[in-house]
Structure formats: C-alpha cells, structure tokens
Amino acid sequence: MSTAPLDILALAAHRDDVEQTCGGTLLKMAQRGYRTGILDLTQGEMGTRGTAEDRAREAAEAARILYVTWRQALDIPDGRVENTWENRLKVAHVIREQRPRVLILPYWKGRHPDHYNASTLGYEACFAAGLAKLVITRQAATAEPLPPHRPFKIIYATLYYDIRPTFVVDITDQFEARFQSLMAYQSQYSDQEAGKDLFPARAEIRARVEAMARHYGMLGGVTYAEPFLQKEVGLVEDVLAIPVKSI
Ligand SMILES: [Zn+2]
C-alpha cells in the first residue's frame, strides 16, 4: 500500500516550472540514488499554447529525462493558485503520502501570482501535514488515516526572482539533460505562430537558460548552477571544508 518515502519533492505551480528552476538538482540527486518527485499544482489548462492533455504527456516525458520516481498534478485551477484551506489539504495529503525529507518550494516573491502563492501554500500545507490531530485519509477505499509528516528541510528555488541565493547546486554535468527536459514541452517551446510575442524562439530560450545557469555557476565557482535560498543559517563542522573560494 504505502511506497518508500521520497527523499526530495519539488513543488511548483505549473508543469515546466520545476524543469526551469531546479530540474538539474533533481537529476543530480536521482543520479546519487535518491528518490525524487515532482508535484505540479495545476494542469496547464489556461496556457496560451497546447492543452492540459498535451502538457500531461510532456510532463511525463520530462520526468523520464530527469529520472524522477514520482510525479503528479493536482486539480487546482491554472491561474488561480490560492492559499485556501481546501488547497492546503490537497497538498498536505501528498506530503503525508510521499513523506519527503527535503521539499523544494518556489521562492515567495515573483511576477506570477501562482508562483508566490504556491510558495506560501506549500509551506502552510507542510505545517498542516504535521498536525497530529488533523485527520487526512487516503483516497483509496480503506479510509485509513495518513500519519502526520513534515519535511525535515524546506529550500526555495529562486531562479524566477532576482535575489541573491544562499547556496547554489553545481549542475554542470546535468545541464544538457535539464535543457532537454524543458524542450520536452514541445507545445510550449517549439517555434510556432500562437503566442509568438509571448514566447521566445527556441534558440533564444537556449541562450537565456544558459546565461542564467552560467551566472549562478559563476557565483559558486563552477560552470552551471541552480540557485536556492534557505531561511536557516548554515551549520559548519569543519571550516577547512567550506567550498567556494573567497579571494
Ligand atoms: Zn510557472
């Protein structure tokens, strides 16, 4: 009935957000033998290009490229991600069912309301998921309540917002595959007429994705990296082992 817990779960508003903000990190962790997962809050029915069905197929292909063990999309309306109790319960259900140790959330500020709302919704859902007296039952007929769970660590993927990250993950070896996972969304990223003014051409996307990854890579002294923020301070055991050169 219950599967092994996920080591890392990445939550985002839209299919392809995770591929853009932390896909390389997920792939790197999968290559290290960790069980990774993606929870998309919406199904993409409001997108200028393609249908929700197109995007489901593309999301599955992207997950395959990133060696993601588990991926699911909730039924929260696209363009209307709201931090309601009902939505918190939907996310808390997943948190209790998948039991991740690390949760990646979007950063809590941004241009798109779905992105910053997903951040607060994700955080508050984790809080609810840990409440011992809050009963959340499995969807299956057994109606057995799911035990409380909170991730040990929550980190924020900051790529969509211009803020200095607290750490970056070296994705130099994962960069190409991460770009391919983004290109799996053919309905979004192939050169076409619909939404031409909104969506840059494929070559331009490649240049932008590379520029961002290089920028954050440079901050960490590597070629390509993805930026993250943690609210907690870093804890150090051995000051001689701290990476990234100062001078
Ligand atoms: Zn998005």
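For every residue, the table says whether it meets (1) of a type in the set (A, V, I, L, M); (2) surrounded by fewer than 24 Cβ atoms within 10 Å (Cβ to Cβ); (3) at positive phi.
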| site | (1), (2), (3) |
| --- | --- |
| A10 | yes, no, no |
| G23 | no, no, no |
| L26 | yes, no, no |
| M29 | yes, yes, no |
| G44 | no, no, yes |
| G50 | no, yes, yes |
Quick one: in region 117-148, which of the residues that are in a loop (DSSP other than H, G, I, E, B) and among the polar types (S, T, N, Q) is farthest from the ligand (Cβ to nearest atom)? T142
Leading residue by the ranking (nearest to the ligand (Cβ to nearest atom)) among those in region 95-116 that are outside any loop (DSSP other than H, G, I, E, B), more than 14 Å from the chain's Cα centre (by Cα) and farther than 21 Å from T25 by Cα: P113
Which numbered condition T25 fails, given (1) outside any helix (DSSP H, G or I); (2) of a type outside the set (A, V, I, L, M); (3) in contact (Cβ under 8 Å) with a residue 12 or more places away in the chain; (4) more than 16 Å from the ligand (Cβ to nearest atom): (1)
Check whether at least one residue in region 188-200 is basic (K, R) and surrounded by 14 or more Cβ atoms within 10 Å (Cβ to Cβ), and report yes or no. no
Please specify each residue of region 1-22 satisfying the condition of being in a loop (DSSP other than H, G, I, E, B), more than 21 Å from A125 (Cα to Cα) and within 16 Å of the ligand (Cβ to nearest atom). D16
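Read-outs: derived from the displayed coordinates by stated rules, not from any lab. All values derive from a computational prediction rather than experimental measurement. Here Cβ is always computed from backbone atoms with ideal geometry, including for glycine, and neighbour counts include all displayed protein chains.
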